[in-house]
Amino acid sequence: MSIADEIEKLRRLHASGALTDEEFARAKEEVIRNPNPIPILMDDEYLPRSEAESGSRWYLGSAFLVPLLLVAFVAIFAAVALPKFREGQKNLEKYRQEVEQREKR
């Protein structure tokens, strides 16, 4: 994309209200200073349409999936590991009592 095309794209964004006057001026200066920026890989403009759409769907799906998996992990941990931990604490207390009784003898 040429510098003129980039500036035209920025002008359209500014005209639509998506960019403020300051943002437009700053972006235009950046285009003029660095006419060949490295494209950001996840920007929709640089991805084929189907990949861009599936990427946004994956992000939305993961936004709900991660907390769900975290809650499931905590629930499983509470149901399985905590009772075993408590049982281990009881056994340790019994062992300590036995050791104390042996030492008293």
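For Glu100, indicate whether it is at pLDDT 85 or above and surrounded by 12 or more Cβ atoms within 10 Å (Cβ to Cβ).
Against the criterion (at pLDDT 85 or above and surrounded by 12 or more Cβ atoms within 10 Å (Cβ to Cβ)), Glu100 does not qualify.
Considering only the range 22-79, how many residues are of a type outside the set (A, V, I, L, M), at pLDDT below 60 and in a helix (DSSP H, G or I)?
Result for the range 22-79: 13.
The values are calculated or read from the model by the stated rules, or taken from the named source; none is laboratory data. Quick caveat, the model's predicted, so the values are computed rather than measured. For neighbour counting, all protein chains shown are included, and Cβ atoms are generated from backbone atoms with ideal geometry for every residue, glycine included.
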